[in-house]
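The values are calculated or read from the model by the stated rules, or taken from the named source; none is laboratory data. Remember, it's a predicted structure, so these values are computed and weren't measured experimentally. Cβ placement follows ideal geometry from the backbone for every residue including glycine, while neighbour counts extend to all protein chains displayed. For accessibility, only protein heavy atoms count, side chains too; no ligands or nucleic acids. Shrake-Rupley method; radii C 1.70, N 1.55, O 1.52, S 1.80 Å.
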Amino acid sequence: VRKPSWWHKIGLRQGDLVTSIAGERITSVDDAARVYARLRSLKKFTIELQRGTQRISLHYRVRS
């Protein structure tokens, strides 16, 4: 996750293991690509992830 990227701006960090986005479980790159394509139509979403031993929820609201 590079610093100027959108993902870094919303809180993802190198080594994070994303487990779900917008309530959809992520278990593969295909899952992530499918959900990523759907994010544009959402007003808000949550990313669930594992960072080391911590479970973290990142809440994001899309600004128009």
- Return yes or no: is Ser41 open to solvent by 70 Å² or more (accessible area, probe 1.4 Å), among the polar types (S, T, N, Q) and more than 15 Å from Trp7 (Cα to Cα)? yes
- Which ones in the range 1-31 are farther than 20 Å from Arg63 by Cβ, modelled with pLDDT under 90 and aliphatic (A, V, I, L, M)? Val1
